[in-house]
Amino acid sequence: MKILGIETSCDETAVAIYSQDPHSGAGKVIAEQVASQIKTHARYGGVVPEVASREHLKLLPPMLDTVMQSAALDWQQLDVIAVTAGPGLMGALLVGVSYARALGESTGIPVIPVHHMEGHLLAPGINGELPEFPFITLLVSGGHTLLVKVEAIGKYRIIGQTLDDAAGECFDKSARLLGLPYPGGPEIARLALQGNRDRFRLPRPMLNKGGLNFSFSGLKTAVMYKVRELGEPNQQDRCDMAAAIEAAICDVLVTQAIRACVEEDAPRLVIGGGVASNEWFRATLLQMASSKGIALFMPDPRYCTDNAAMIAHAAFHTMHSNLTMPVDWDVRARWPL
Ligand code: KG4
Ligand code: ZN
């Protein structure tokens, strides 16, 4: 079985083909491309929805051709087209979905809508194994911070979430306060390498409150006050602040994720979303998980940020789980998991 995946929910245009080996039953990515629009949006300090839609429109057709060529496939050899139908930017999603539907109409290949967060949630299975059910997933992206208990494919229970900003948003907003470009997460990570994590002490919101929720807006405000105190921060101040921000956000994420595994008696943890590509986060989490006997499943960093392999891969699992596919569906900018 060969699945074409299309992802255009935000500022990455991505296409991939995921194939199931008829002998072993295992799946693998046979061709993929991701085009980031970061440079286009950086000058505006964030993603401009209309610009994102236009970029997808321009990039998607040639990328599809390239991926089909590098997989050496023609349309008749594809079994399914999987496309991100939400959540995300309405205009951006519409480009991918309209294109997928037009392809489906002209080739007769069925089109399956995929939830973007389900793509992230199952991503460790793209080139590895998915853990045994149930497991806990921590999804940390620009718009989401969710702790999900995964009972089976398609059976997801949200057990914790942010009450205000998402973790990625906190990275992005803090970076902006430090005068760093968008997206802030990778910039903070880069500066933090030269920073002293102990010079500035930032709060770890929600950790003393119990429960599995998150809150990052107070942390962002604390960053704002520290930056104000510094007046004109020099390069070392910026690096030390970046290290403190990274440490604070990661501490909160790691503590809550481990707590979720313990409380839910599910010692298997998956991470996903752009923030899950952060090296400090991965190293801290690995250390903490192994000390608590929790098995950690981390997708390759390139499958943490937005990509189409995760969309094709998620469709592969839903199709193999005998779930009923929706007949009537549409793009959903907001779509609960
Ligand atoms: O999942 P993603 O690629 O797109 C969304 O669906 O939102 O996540 C993007 C978010 C941004 O907030 C970005 O700053 C953050 O992930 N991010 C990082 C890193 N790489 C991306 N945050 C911290 N460290 C990183 N290395
Ligand atoms: Zn994402």
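Numbers below:
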quantity: Subset tally (residues that are more than 14 Å from ligand 2 (Cβ to nearest atom), touching a residue at least 40 places away in the same chain (Cβ under 8 Å) and in contact with a helix residue (DSSP H, G or I) (Cβ under 6 Å, 6 or more places away or on another chain)) for segment 261-277; calculated: 2
quantity: Qualifying residue in segment 38-51 (condition: touching a helix residue (DSSP H, G or I) at 6+ places or on another chain (Cβ under 7 Å) and either surrounded by 18 or more Cβ atoms within 10 Å (Cβ to Cβ) or under 27 Å from Pro124 (Cα atoms) (or both)); calculated: yes
quantity: Exclusive hit being surrounded by fewer than 20 Cβ atoms within 10 Å (Cβ to Cβ), more than 12 Å from ligand 1 (Cβ to nearest atom), aliphatic (A, V, I, L, M) and farther than 22 Å from Tyr156 by Cβ, set Leu230, Leu193, Leu219; calculated: Leu230
quantity: The one condition in (1) loosely packed, with under 13 Cβ neighbours inside 10 Å; (2) more than 25 Å from the chain's Cα centre (by Cα) that Cys239 fails to fulfil; calculated: (1)
quantity: Restricting segment 84-112 to residues that are out of contact with any Ser or Thr (no Cβ under 8 Å at 6 or more places or on another chain) and outside any helix (DSSP H, G or I), the residue that is farthest from ligand 2 (Cβ to nearest atom); calculated: Gly108
quantity: Selection count where residues are over 16 Å from Thr255 (Cα atoms), away from ligand 1 (no atom under 15 Å from the Cβ) and not in a helix (DSSP H, G or I), scope segment 279-337; calculated: 14
quantity: Scan of segment 93-102 for residues that are under 26 Å from the mean Cα position of the chain (by Cα), without any contact (Cβ under 8 Å) to a residue 40 or more places away in the chain and farther than 12 Å from Ser53 by Cβ, ordered by number; calculated: Arg101
quantity: Scope segment 135-163; condition of a type in the set (Ser, Thr, Tyr) and within 16 Å of ligand 1 (Cβ to nearest atom); matching residues; calculated: Thr137, Ser141, Thr145, Thr162
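Rule-based calculations on the coordinates, nothing more; no lab input. Quantities reported herein were computed from a predicted structural model and do not represent experimental measurements. Quick reminder, even Gly has a Cβ in these numbers, built from the backbone with ideal geometry, and neighbours come from all protein chains shown.
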